[in-house]
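The values are calculated or read from the model by the stated rules, or taken from the named source; none is laboratory data. Worth saying up front: this structure is predicted, and the values here are computed from it rather than measured. A quick note on method: Cβ atoms are made from the backbone with ideal geometry, for glycine too, and the neighbour counts reach across all protein chains shown.
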């Protein structure tokens, strides 16, 4: 019995392996993980870097023994997959002990996504880091703990760039963020990005519309060349994006960016090959098309579905609506569905309604401004929302996410019976205020 | 032109009057309010008592001038309605200046609810208070500020009783809560009530299954007789419930408890008579029947609908799902839909699924236990939920409230794409954990 091979020991891969062992305890499961850690919370890395989480091991969902001894998974760390022959159902793997071929009945590709490293001079300087793996984060944390990082540059002002900048500030560094686009956080529209921009500038230098051209070897550390100007720093962190790690999977149906297309059982177009996690395209329920939205919850869920179905069980993944939240210094920034830019790009006639409300009753201490943008069609189809504020944004977005799953209209959204007490919300919740305004107005077109 | 008369100047009444003036600026609107304040946030009273809100006026949504001068509403404070003749469309009102009759085209009854005062000996002792009106709260606050309240008894362990107990503790009093039922907070089921019980006992004495039999006149203040034992205290607050103030409305269709039945335009069964706020029964969308759930958001919304429709405009109120949240000392307690007890009482075959999850990623500081109870039918119809925890309960309940509006199943609930980042939620949100468990288990029957 050849059993299952899982490529990648992250959240998706270990969820797949665990689910498969539950469904079919008699069938062997081998997980090949190139790194030294399995099943860690990648989203926790910035908090480990910033010292909020003390030990790298704290980020592990479970230690390797749990997978090996309790779940009976053959978890192989430090093991790279060199070749995948989907016709012969065979992988060639290599580790310190040499190379080996493994036959499989079913394969789950859960290799995740790789950080983009721009091909510029000096990029291999030892003080240039990416923060996608716990191993490189551990090295970076050692460097931060040594006290030798006083000035740092973070390249990229997306989720990871901003979280990393916050972590480095927490670790005592003066941080400059360099972003090629003219604005931060391209997953939200301009009015919300402006709120984020102001918060970032309270804590770090923010240089928009600028590029890292090269990295020189300075006297005490790297020198970043940004738009021709030189910045001598102690550390450069690259957070310019990630791309699906699907190079092994030749011949499978993919999106132009390489994300593997799967059905609701996480089957790829190749027989016996499943995929899950950050390397797959998922049904976007608002867009009505596959989209690449590589985030933690879907990685866990799609891993579980892939493992269950691959092992002969029944499960399905319905899709995502694009919900995400990020802490940016003292701000909560959340989004779901389509931004106005995304809706417009998809050819959907969309407008946006912006309101500023409050997180609590106006007389209750701690009430903070809450910016709400609803994205909708002129005739009231709900498409998405974005929230930003010092509190009350992170989980309030879930109301709109739920409404999108249920295909509620803006009118329906405004009729919801939401929780009220002065310490937690105004009597008209900010989501209701926004929906009410959207019902009465024509909305903004940018 | 006789115009509109509104009985009651609370949230519902002032919303109705304001809406009517917007819809039909040419038609006069008179609001008769028995008290000295209009449009105040009744839910803020405990925070005013506890000193979190400094001045009574802070609780006013708007000062009277805004209603009178900017909105053109004839707002009459200190004005009691003595008689209502719905056949003649006439009310008799009285204030310091004497009695007067007012003719109307349309009437909006927004008289709210009156606190229940048990008919026991000594109940009119000057140190016995209810906390339904801002005027009596102001008197009580003056008493608290004088420093003469060291020991207090609160009768009733519902929302208002617990909020008031917290306020009195914040004001420096030692508080004993006396509740006739064998448990606190009957709007949630036993497992959640137990969490609340433990929190209350960290801050106050809690005496369950006990009755206030009489109040004696002691040397320094009232003496409460509770199950035969005497407690000399400085203050007694009654919070044993409220009842709809609908005595004026003879002949209208009502629930057995007196709540007025209305249609979606807030019309009562009497021609020209509308009702809104805490005195009406509202469509309960889960129960599929009118129910009396007197809470702030519906008071505001139904007031607006009543005023709009009464003035000739178009609006409708679809109903409630029974969402509520309360802060109990350091605990957030939230509920929506039907409790298991309510579902069972309504003849719905229901079970409950309980999980304990966390408010944040387990490694993120501040992650607190979050108790989640889902109420559902054995075949997966979602009926309600209850949450309790130090954080993360208050607005998370809105996901389930939204799901109930949309008639999502437990299975649908488990498939939601909810926001995740370590500071705000575990990767599987507690609501998803509960839904997943409910899908796999048979649930509890108590």
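Just a few scattered comments:
- Verdict on residue A:206 being within 30 Å of residue A:151 (Cβ to Cβ) and at pLDDT 95 or above: yes
- Considering residues of region B:281-290 that are surrounded by fewer than 22 Cβ atoms within 10 Å (Cβ to Cβ) and touching a helix residue (DSSP H, G or I) at 6+ places or on another chain (Cβ under 9 Å) only, the residue nearest to residue B:320 (Cα to Cα): B:285
- Positions within region B:261-294 being within 13 Å of chain A (Cβ to nearest Cβ) and without any contact (Cβ under 8 Å) to a residue 60 or more places away in the chain, in sequence order: B:264, B:282, B:283, B:284, B:287, B:291, B:293
- Conditions (1) out of contact with any strand residue (DSSP E or B) (no Cβ under 6 Å at 6 or more places or on another chain); (2) over 20 Å from residue A:441 (Cβ atoms): number failed by residue A:377: (2)
- Qualifying residue in region A:110-120 (condition: in a loop (DSSP other than H, G, I, E, B), surrounded by 18 or more Cβ atoms within 10 Å (Cβ to Cβ), modelled with pLDDT of 95 or more and over 25 Å from the mean Cα position of the chain (by Cα)): no
- Selection count, region B:142-167, where residues are in contact (Cβ under 8 Å) with a residue 24 or more places away in the chain, over 20 Å from residue B:117 (Cα atoms) and not in a loop (DSSP other than H, G, I, E, B): 5
- Strands (runs of 3 or more DSSP E) contained in region B:190-247 and holding at least 3 residues farther than 25 Å from residue B:170 by Cα: B:212-217
- Annotation: of all residues in region B:414-446 being more than 30 Å from the chain's Cα centre (by Cα) and modelled with pLDDT under 95, the one that is farthest from the other protein chains (Cβ to nearest Cβ) is B:442.
- Subset tally (residues that are surrounded by 24 or more Cβ atoms within 10 Å (Cβ to Cβ), out of contact with any strand residue (DSSP E or B) (no Cβ under 6 Å at 6 or more places or on another chain) and over 24 Å from residue B:230 (Cβ atoms)) for region B:158-188: 5
- Among (1) more than 13 Å from chain A (Cβ to nearest Cβ); (2) out of contact with any strand residue (DSSP E or B) (no Cβ under 9 Å at 6 or more places or on another chain); (3) crowded, with 20+ Cβ neighbours inside 10 Å - the single one residue B:251 does not satisfy: (3)
- Criterion (over 14 Å from residue A:32 (Cα atoms) and assigned by TED's automatic domain parsing to the domain that holds residue A:27) met by exactly one of A:76, A:89: A:89
- Criterion violated by residue B:70 - all others in (1) free of Cβ contacts under 8 Å to residues at least 12 places away in the same chain; (2) not assigned by TED's automatic domain parsing to the domain that holds residue B:295 satisfied: (2)
- Residue B:27 over 29 Å from residue B:141 (Cβ atoms), in contact with a strand residue (DSSP E or B) (Cβ under 7 Å, 6 or more places away or on another chain) and part of a strand (DSSP E or B): no
- Every residue from region B:295-314 that is more than 9 Å from chain A (Cβ to nearest Cβ) and buried (at least 19 other Cβ atoms within 10 Å of the Cβ): B:302, B:303, B:304, B:305, B:306, B:307, B:308, B:309, B:310, B:311
- Filtered residue count, region B:318-356, keeping only those that are assigned to a strand (DSSP E or B), surrounded by fewer than 24 Cβ atoms within 10 Å (Cβ to Cβ) and touching a helix residue (DSSP H, G or I) at 6+ places or on another chain (Cβ under 6 Å): 5
- Among the residues of region B:41-65, the ones that are in contact with a strand residue (DSSP E or B) (Cβ under 6 Å, 6 or more places away or on another chain), more than 10 Å from chain A (Cβ to nearest Cβ) and not in a helix (DSSP H, G or I) come to 0 in all.
- Residue B:229 falls short on exactly one of the conditions (1) loosely packed, with under 15 Cβ neighbours inside 10 Å; (2) in contact with a helix residue (DSSP H, G or I) (Cβ under 6 Å, 6 or more places away or on another chain), and that condition is (2).
Conditions (1) at positive phi; (2) surrounded by fewer than 24 Cβ atoms within 10 Å (Cβ to Cβ); (3) not in a loop (DSSP other than H, G, I, E, B), marked per residue:
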{"site": "A:407", "(1), (2), (3)": "yes, yes, no"}
{"site": "A:413", "(1), (2), (3)": "no, no, yes"}
{"site": "A:416", "(1), (2), (3)": "no, no, no"}
{"site": "A:419", "(1), (2), (3)": "no, no, no"}
{"site": "A:423", "(1), (2), (3)": "no, yes, no"}
{"site": "A:433", "(1), (2), (3)": "no, yes, yes"}
{"site": "A:437", "(1), (2), (3)": "no, yes, yes"}
{"site": "A:446", "(1), (2), (3)": "no, yes, no"}
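- Qualifying residue in region A:338-355 (condition: farther than 21 Å from residue A:163 by Cβ, in contact (Cβ under 8 Å) with a residue 60 or more places away in the chain and within 14 Å of chain B (Cβ to nearest Cβ)): no
- Among (1) within 13 Å of another protein chain (Cβ to nearest Cβ); (2) part of a strand (DSSP E or B), the one test that residue B:383 misses: (1)
- Boolean, residue B:209 is surrounded by fewer than 22 Cβ atoms within 10 Å (Cβ to Cβ) and over 30 Å from residue B:304 (Cβ atoms): yes
- Residue within region B:404-413 that is within 12 Å of chain A (Cβ to nearest Cβ) and over 24 Å from residue A:429 (Cβ atoms) present: yes
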